[in-house]
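FYI, it's all coordinate maths here, none of it is from the lab. Fair warning: this is a prediction, and the values are worked out from it, not measured in the lab. Backbone-built Cβ (ideal geometry, glycine too); neighbour counts: all protein chains shown.
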Amino acid sequence: MIEHTHREPVSPRQIVLHAEASRYMTLVGFTILLWDHICTIDEEIRFIWTASRSLVKILFLVVWVVGGSDWFFGSYLISDMGPVSAISGACPLG
C-alpha cells in the first residue's frame, strides 16, 4: 500500500536554488564531456576518422553528433542564455 504524505509548498527561494544547482551540475557534466573529448581526440582520429566506412564508424558518428548536440542544446537552454528563462520557464529573454 502506498501512503501519500503531505509536503510543504516549495518556496520561490528553493526553486531558484534548485535551478542554480541544476545549472552548475550541467556545467560540470559539460566540462567533463569536453575534457574527455580533448583527452581522447588522438585516439578518435586514429580509430574513427581514418578508418574505412563501417557500421561501427557510422554508429559512433551518429551517437557522437546526436549526443553532443543534445547535450550542448540542453546546456544552452538551462544556462539562461536560451530563448526561455530556466527559472521562470516562460519568460522570453527577448
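Here is how the numbers come out for the structure above:
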item: Theoretical gain in end-to-end length, Glu43 to Leu55 [0.36 nm per residue, Cα-Cα removed]; result: 2.5 nm
item: In Hz, Karplus ³J(HN,Hα) per residue of region 21-37 (6.51, -1.76, 1.60; θ = phi - 60°; x = Gly, Pro); result: 4, 5, 5, 5, 5, 5, 4, 4, x, 5, 5, 5, 4, 5, 4, 4, 5
item: Alpha-carbon gyration tensor eigenvalues x 5, square-rooted, for region 1-62, Å; result: 44, 18, 8
item: Pairwise label distance in nanometres, Met25 with Phe73, each label 7 Å out on the Cα-Cβ vector; result: 2.2
